[in-house]
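The structure under discussion appears below in the form of structure tokens.
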Amino acid sequence: MRSLKLGIFLPIFESPDDSLFPGLLRWPELLALVRRIEAAGFDSVWVPDHLLIRWDGERGPAAGAWEGWSLLAALAAATEHVELGTLVLCTAFRNPALLAKMADTVDEISNGRLILGLGAGDHEPDFRAFGYPFDYRVSRFAEALTIITRLLRDGAIDFDGTYYSARACELRPRAARPGGPPIMVGGGFPPGPRMVRLGVEHADIWNHWLAFDRSYPDALPPLRQQVDAVCATIGRDPTMLRRTVTVAVVPPGHQPAHTAPHVESVTGSAEEIGGVFRDFARVGGDHLQLLLNPCNEAAVDALLPVLNLLDQGASADRHASGE
């Protein structure tokens, strides 16, 4: 086993020229890419959740995206062992009780490979274009998170809130995994204090997003400390909250297909990139989600030497410890 898991963030967007994202892939291309990721030995693939992106505001140029949950359900049936995560699913776009049922069904289809990443959403054009309210997002998220976690973990809830209700609601039938899929919360760049507390109170995993800033290990400890401090206030052992970290990566031998001036990507040789990944594990990263630039099958193959180096390092560590 490696010292940390590695996954790939899938490119499901149309993109303006100055975007960090590489441009739209059609379903056959996406499926081929995911199957290559799985065959290469990566641990996970991650699907975002946007509807209509306008980086310059409501009247700016629009960029679309495939609907993420539909893609995830298709990938659950088309893959065998790679984990499938949402990074992150906006709870405002779907009724929370129905979302819990959808998640349980995809966990059944995938034979227990779903990681349910949840967030409140922060891109207002998504909401406005598709008719979702943008106000009280964290309060709405708090109620949605309560319904989703209770249904997936306990199988039933009777809840009547300000924004959502689920009266005498049960999940039937249930997927085979006891307690449902692990729940991950991501709270923005950087996260607000209420989102951190909700994640600490309810989630199995917290996501630290570094991909739009400095994707290097020295950026992680201050963010970990923020979350660890909230763990201390509610009496939760911070080591029991797993940490994923989203980082931007230019694969070895590649030039970035697109640039964003505020992003500092991980780059270099396989040895240099592998060293950066090992340093993330040392400062508390359990699972890296790689936003590759470019993101295609050749870029995935270029990271195979990095995977091999991490595997060799894990084997050496086991040998040194006498395992």
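Scan the range 147-175 for residues that are hydroxyl-bearing (Ser, Thr, Tyr), in contact with a helix residue (DSSP H, G or I) (Cβ under 8 Å, 6 or more places away or on another chain) and open to solvent by 30 Å² or more (accessible area, probe 1.4 Å) and report the count. Talk me through it step by step, then tell me what you get.
Just the residues of the range 147-175 that are hydroxyl-bearing (Ser, Thr, Tyr), to begin with: 149, 162-165.
From the residues that got through so far, the ones that are in contact with a helix residue (DSSP H, G or I) (Cβ under 8 Å, 6 or more places away or on another chain) too are 149, 162-164.
Filter once more, keeping what is open to solvent by 30 Å² or more (accessible area, probe 1.4 Å): 162-164.
Of the residues in the range 147-175, 3 are hydroxyl-bearing (Ser, Thr, Tyr), in contact with a helix residue (DSSP H, G or I) (Cβ under 8 Å, 6 or more places away or on another chain) and open to solvent by 30 Å² or more (accessible area, probe 1.4 Å).
So, in the range 75-127, exactly how many residues are of a type in the set (Asp, Glu) and open to solvent by 10 Å² or more (accessible area, probe 1.4 Å)?
Within the range 75-127, residues that are of a type in the set (Asp, Glu) and open to solvent by 10 Å² or more (accessible area, probe 1.4 Å) number 5.
Residues in the range 239-259 that are part of a helix (DSSP H, G or I) and under 13 Å from Glu201 (Cβ atoms): 1 in all. For the range 269-305, a tally of residues being closer than 26 Å to Ala32 by Cα and free of Cβ contacts under 8 Å to residues at least 60 places away in the same chain returns 8. Checked against the criterion of being farther than 25 Å from Ala142 by Cα, modelled with pLDDT under 95 and outside any loop (DSSP other than H, G, I, E, B), the range 65-72 contains one or more residues that satisfy it.
Scanning the range 244-259 finds no residues that are out of contact with any helix residue (DSSP H, G or I) (no Cβ under 6 Å at 6 or more places or on another chain) and either among the charged types (D, E, K, R) or more than 24 Å from Leu33 (Cα to Cα) (or both).
Once the range 211-223 is narrowed to residues that are open to solvent by less than 10 Å² (accessible area, probe 1.4 Å) and in a loop (DSSP other than H, G, I, E, B), the residue that is farthest from Leu114 (Cα to Cα) is Ser215.
Is it the case that Thr259 is open to solvent by 60 Å² or more (accessible area, probe 1.4 Å), without any contact (Cβ under 8 Å) to a residue 24 or more places away in the chain and not charged (D, E, K, R)? When the stated conditions are applied, Thr259 does not pass them.
Restricting attention to the range 233-269, the residues that are in contact with a strand residue (DSSP E or B) (Cβ under 9 Å, 6 or more places away or on another chain), at pLDDT below 95 and of a type in the set (Val, Ile, Thr) add up to 1. Just so you know, in the range 4-55 the residues that are surrounded by 21 or more Cβ atoms within 10 Å (Cβ to Cβ), among the aliphatic types (A, V, I, L, M) and in a loop (DSSP other than H, G, I, E, B) include one that is modelled with the lowest pLDDT, and it is Leu4.
The values are calculated or read from the model by the stated rules, or taken from the named source; none is laboratory data. Please read these numbers as outputs of a predicted model, since none were measured by experiment. Don't worry about glycine lacking a Cβ; one is built from the backbone with ideal geometry, like all the others, and counts go over all protein chains shown. Side chains are part of the model used for accessible areas, which takes the heavy atoms of the whole protein and leaves out ligands, DNA and RNA. Shrake-Rupley method; radii C 1.70, N 1.55, O 1.52, S 1.80 Å.
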